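Report on one structure; see the data block that follows.
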Amino acid sequence: QVQLVESGGGLVQAGGSLRLSCAASGSMFSIFVMGWYRQAPGKQRELVADITTGGRTNYADSVKGRFTISRDNAKNAVYLQMNSLKPEDTAVYYCSARSLGSVFYWGQGTQVTVSS
């Protein structure tokens, strides 16, 4: 089992920045990809960005150039630096971890609200 705990959400004005952190614990030896998903009210959960153990990154088109994902394998942590935030970025953000066997683990979520 893997446990994920997010922090860093909050309220910010449009154009501002936030940094999300996710601390992982448990059976991390099986984890290949860590990432961030988000879910806005009335919408499906969507991938924001993910990063492999080797550092390969993948971003949703809507956040490219504004968000940066990073990972500290020694600390079992993943981060999401969010710049130039827009009201449409408002959502609950979830940390995720995916094993080589494609088992997903999720954090409890952290609210990000961007005011216009």
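A few points about this structure:
- Test: residue in the range 62-70 that is at negative phi, within 15 Å of the chain's Cα centre (by Cα), assigned to a loop (DSSP other than H, G, I, E, B) and aliphatic (A, V, I, L, M): no
- Here 63, 92, 112, 78 are screened, and the one residue that is within 16 Å of residue 2 (Cβ to Cβ) and β-branched (Val, Ile, Thr) is 78.
- Against the conditions (1) within 17 Å of residue 88 (Cα to Cα); (2) assigned to a loop (DSSP other than H, G, I, E, B), residue 75 satisfies every one except (1).
- Filtered residue count, the range 1-60, keeping only those that are within 13 Å of residue 91 (Cβ to Cβ) and of a type in the set (Phe, Trp, Tyr): 2
- Filter pass, residue 50 being within 14 Å of the chain's Cα centre (by Cα) and loosely packed, with under 13 Cβ neighbours inside 10 Å: no
- Look at the range 87-113: where a residue is under 21 Å from residue 12 (Cα atoms) and in a loop (DSSP other than H, G, I, E, B), no partner that is open to solvent by 70 Å² or more (accessible area, probe 1.4 Å) and at pLDDT below 95 sits 6+ places away or on another chain with Cβ atoms under 7 Å.
- Residue within the range 62-74 that is without any contact (Cβ under 8 Å) to a residue 12 or more places away in the chain and open to solvent by less than 60 Å² (accessible area, probe 1.4 Å) present: yes
- Qualifying residue in the range 13-30 (condition: polar (S, T, N, Q), open to solvent by 50 Å² or more (accessible area, probe 1.4 Å) and touching a residue at least 60 places away in the same chain (Cβ under 8 Å)): yes
- Condition met for residue 25 (modelled with pLDDT under 95 and not in a loop (DSSP other than H, G, I, E, B)): yes
The values are calculated or read from the model by the stated rules, or taken from the named source; none is laboratory data. Since we're looking at a predicted model, the values are computed, not measured. Cβ: placed from backbone, ideal geometry, glycine included. Neighbour counts: every protein chain shown. Accessible surface areas use protein heavy atoms only, side chains included; no ligands, DNA or RNA. Shrake-Rupley method; radii C 1.70, N 1.55, O 1.52, S 1.80 Å.
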